[in-house]
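What follows is a short report on a single structure.
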Amino acid sequence: MKKIVSTILLISCLFFFSGFEKLSINDPAPFEGYLLSKETLSKIIQDQKQEGEKCQIRIDAELEKLADLFDYERKQIIDDCYNYSTFLEERIKITMKGNEFLQKDINDLDNSRKFWKTLTIASTGIAGVSILLLVLFGGI
């Protein structure tokens, strides 16, 4: 890419340079280096344009690949978030069901404790009455 830009700048400078001189065949050049014919110069310019177009095509293709990859990854993230939120909703439902069962177990345990407490009180009362009857009627 640097080569393309430097060549274009060089050619631009040659055309707009104020000391530009037209040379004929066998005329000595005013500098050391290479002289280019119009055909060669136009071929270089055309080649540089074609190379620039090829680069643009490659850039566009790479951008399209990146856009497709971005869309794919974005969809994956959205799907993952949706799946995770669905997972959380299911966990919450399971937890709530578990809490309902736990509350039922707590209620059953509480009812069981009340039953045994009532039975113990009733047993104590019956035993007390039995002892009182025995004492009153001379059994003890």
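The values are calculated or read from the model by the stated rules, or taken from the named source; none is laboratory data. This one's a predicted model, so the numbers in the text were calculated from it and none came from an experiment. Please note: Cβ atoms are built from the backbone with ideal geometry, for glycine as well, and neighbour counts cover all protein chains shown.
Some notes on this structure:
- Test: residue in segment 21-29 that is basic (Lys, Arg) and modelled with pLDDT of 85 or more: no
- Selected residue (only one of ILE59, ILE45 is more than 30 Å from SER24 (Cβ to Cβ), at pLDDT 85 or above and in a helix (DSSP H, G or I)): ILE59
- Tallying residues that are exposed (fewer than 10 other Cβ atoms within 10 Å of the Cβ) and assigned to a helix (DSSP H, G or I) within segment 19-42 yields 2.
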